[in-house]
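S.K.: Please find one structure pasted underneath; my questions will follow.
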Amino acid sequence: MIHDIFPTPLWHIEETPQQLVDELYNGAYHFKEKYSSESRSNQGGYQSPNFSWNDFHPQGKEYLDEIIIKASGKHFKIQTWWYNINGKGHWNIPHAHPDCNFALVWYLTPSDGLLILMSPFPQRKIARHGDHISIDAKKGDIIMFPSDINHYVKPNQKDTDRISISMNLQFS
């Protein structure tokens, strides 16, 4: 008998309504004009300040309420959210999200496989994916994973911006 101990959940949610993605995409540039960039994990590019859930797009809140509960079966609270805009050559250093249960990334442009999740057990040689896994998400896809998983974003090689929204979730 084999027991899969310490499994790590990852949700990949597809097919966000295009109109909502477009509105959030346009919001990224509005926020960039209004708020200065913060320096957290970003190396170049723009990372907005943290915002409260009350400040999020109303239809986006309804959509996330529905899909997160459907995917996870749990009620949750968004602690903070922020925009990320990585231009050509910009990236994010390895980091985790402390003081929450899950990290969520909502891609407003394709991820191009640049999000890398690092194994919490890198010394294990039997891991299916080795010591990391690359996540390839399409425009509108949502990726959710445990907040203590170290992750980073490789440099954007395109001339166009890579835009996402990140969130910290607490399950109740």
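S.K.: Taking only C-alpha pairs under 8 Å that are 6+ residues apart, what is the relative contact order of the range 17-172 in percent? Don't jump to the answer; show the numbers that get you there.
M.R.: Values: 327 pairs, mean separation 48.9, N = 156.
Reported as a whole number, the value is 31 percent.
S.K.: Do you know the Lys pair count in the range 1-95 for C-alpha distances under 22 Å, with sequence separation 8 or more or different chains?
M.R.: On the way: LYS32/LYS61; LYS32/LYS88; LYS34/LYS61; LYS34/LYS88; LYS61/LYS70; LYS61/LYS74; LYS61/LYS77.
Lysine pairs meeting the criterion: 7.
S.K.: Any chance you could check the Cα centroid distance between the range 5-50 and the range 89-111 for me, in angstrom?
M.R.: 8 Å
S.K.: Let me ask something else about it. On average over all directions, what projected area in square nanometres does the range 1-62 have, based on the convex hull of its Cα atoms?
M.R.: Details: hull surface 30.1 nm².
Approximately 7.5 nm², given one-decimal rounding.
S.K.: If DNA, RNA and ligands are ignored and the probe is 1.4 Å, what is the ranking of TYR29, TYR107 by accessible area, most exposed first? Don't skip to the answer; put the middle values down first.
M.R.: On the way: TYR29 70, TYR107 5 Å².
From most exposed to least exposed: TYR29, TYR107.
S.K.: Heavy-atom accessible area of HIS132 with all protein chains present, probe 1.4 Å, nearest 10 Å²?
M.R.: 90 Å²
S.K.: Using only Cα positions of the range 46-142, each an equal point scatterer, no hydration layer, compute I(q)/I(0) via Debye at q = 0.15 Å⁻¹ and quote the log10 values to two decimals.
M.R.: Scattering profile of the range 46-142, log10 relative to I(0): -0.78.
S.K.: Please compute the net charge surrounding LYS74, taking Lys and Arg as +1 and Asp and Glu as -1 over other residues with Cβ under 14 Å from its Cβ.
M.R.: Working: positive: LYS70, LYS77; negative: ASP65, GLU66.
For residues surrounding LYS74, the net value is 0.
S.K.: Take the alpha carbon gyration tensor of the range 65-117, find the square roots of its eigenvalues, order them as a ≥ b ≥ c, and report rounded if a/c is under 1.5; if not, report prolate when a/b exceeds b/c, else oblate.
M.R.: prolate
S.K.: Would you work out what percent of the accessible area of the range 47-172, with all protein chains in place, is carbon or sulfur (probe 1.4 Å)? Walk me through the numbers on the way to the answer.
M.R.: Numbers: 3230 of 6190 Å².
The value for the range 47-172 is 52 percent carbon and sulfur by accessible area.
S.K.: Lys pairs in the range 91-172, Cα-Cα under 23 Å, at least 8 apart or on separate chains: how many?
M.R.: Values: LYS138/LYS154; LYS138/LYS158; LYS139/LYS154; LYS139/LYS158.
Going through the range 91-172 pair by pair, I get 4.
S.K.: If you don't mind, another one. State in Å² the accessible area per residue of the chain; use a 1.4 Å probe, count heavy atoms of protein chains only, and round to the nearest integer.
M.R.: Values: 9650 Å² over 172 residues.
Heavy-atom SASA per residue in the chain reads 56 Å².
S.K.: Continuing with this model, one more query. Using a 1.4 Å probe, how large is the accessible area of ARG162, given in Å² and rounded to the nearest 10?
M.R.: 10 Å²
S.K.: Turning to a different aspect of this structure: If the chain were replaced by its equivalent ellipsoid, with semi-axes equal to the square roots of 5 times the Cα gyration tensor eigenvalues, what would those be, largest first, whole Å?
M.R.: Details: eigenvalues 129, 80, 43 Å².
For the chain, the ellipsoid semi-axes come out as 25, 20, 15 Å.
S.K.: Can you give the calculated 222 nm mean residue ellipticity of the chain, where each DSSP H run of n ≥ 4 adds -39,500 (n - 2.57) and the sum is split over every residue, rounded to the nearest 500 deg cm²/dmol?
M.R.: On the way: 2 runs with 32 residues, N = 172.
Helices in the chain give a 222 nm mean residue ellipticity of -6000 deg cm²/dmol.
The values are calculated or read from the model by the stated rules, or taken from the named source; none is laboratory data. Bear in mind that the values here come from a model prediction, so they are computed numbers and not experimental data. When we count neighbours, we look across all protein chains shown, and the Cβ atoms used for this are built from the backbone with ideal geometry, even at glycine. Just so you know, the surface numbers come from the protein's heavy atoms only, side chains and all, with ligands and any DNA or RNA stripped out. Shrake-Rupley method; radii C 1.70, N 1.55, O 1.52, S 1.80 Å.
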